[in-house]
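Inspection log for the structure reproduced underneath, given as structure tokens.
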Amino acid sequence: MVAMPPLVWYFDFVSPFAYIALHRLRELPAGAAIEFRPVLFAGLLEHFGQKGPAEIAAKRRYTYRWCHWWARSLGIAFRFPAAHPFNPLHHLRLAIAAGSTEDAVRRIFAALWTTGSDPGEAAGFASLAASLGLDAARLGAPEIKAALRRNTEDAAQRGVFGVPTLEVDGELFWGADAIDFARAFLADPAVLRNAEIERLERLPVGAARKR
């Protein structure tokens, strides 16, 4: 039996797509061991010179509609928080302080994406931290901040340009809709390791917009 390759899931709590993808991770083969790695989406956007979907008004409107519909069609409990986008720094640090365990990550996502509450409300955040056995006042510790910074910088260096991204044996699968793609690769690595994909890696740019 071939051993399951390592899986790393890069996410930021600010992303509704990451919340949906969290539920879809269960579609991966049984026995898949996933490392949950919090990253700052804004840091990835800055690194690659991109705008987030909520920074383009028309795309923001469509994204919210699509995620609302998609979550309901998948039977996933889902409600946008009271304000979005929100600053996810405290929640990312909370996840790191909790060891980035699957249980902690799922509980933080649920608090943000099923209640409709305000992510910036201090009392609610303190209660969430306490439920994980942590003191919200201690999440600014230098080692926690440094861990999130390292996660984000390492992700960018590995080519992670957005969230959620699943890394499987060095290959990146971006988006909540990439689970099927990742499953196909797990079943047969030739899905990505073939002559045509090698040709695409060398494909020249035919035209580019003026900056």
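At-a-glance table
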| quantity | calculated |
| --- | --- |
| Subset of the range 166-211 (residues that are more than 16 Å from the chain's Cα centre (by Cα), on the phi > 0 side of the Ramachandran plot and among the small types (Gly, Ala, Ser)) | 170 |
| Residues of the range 37-75 satisfying the condition of being touching a residue at least 12 places away in the same chain (Cβ under 8 Å) and either of a type in the set (Lys, Arg) or in contact with a strand residue (DSSP E or B) (Cβ under 9 Å, 6 or more places away or on another chain) (or both) | 37, 38, 39, 41, 44 |
| Cβ pairs under 9 Å, 6+ apart, first in the range 200-211 and assigned to a loop (DSSP other than H, G, I, E, B) and surrounded by fewer than 10 Cβ atoms within 10 Å (Cβ to Cβ), second at pLDDT below 95 and of a type outside the set (Val, Ile, Thr) | none |
| The range 2-53, subset in a loop (DSSP other than H, G, I, E, B) and touching a Ser or Thr at 6+ places or on another chain (Cβ under 6 Å), residue farthest from residue 211 (Cα to Cα) | 39 |
| Some residue of the range 157-180 being more than 21 Å from residue 104 (Cα to Cα), in a helix (DSSP H, G or I) and in contact with a Phe, Trp or Tyr (Cβ under 9 Å, 6 or more places away or on another chain) | yes |
| Residue list for the range 134-147, restricted to those being under 18 Å from residue 101 (Cα atoms), touching a residue at least 24 places away in the same chain (Cβ under 8 Å) and surrounded by fewer than 17 Cβ atoms within 10 Å (Cβ to Cβ) | 145 |
| Residue 210 being of a type outside the set (Phe, Trp, Tyr) and at pLDDT below 95 | yes |
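The values are calculated or read from the model by the stated rules, or taken from the named source; none is laboratory data. Remember, predicted model here, so these are calculated numbers, not experimental data. Methodologically, a virtual Cβ is constructed for each residue, glycine included, from the backbone with ideal geometry; neighbour enumeration extends over all protein chains shown.
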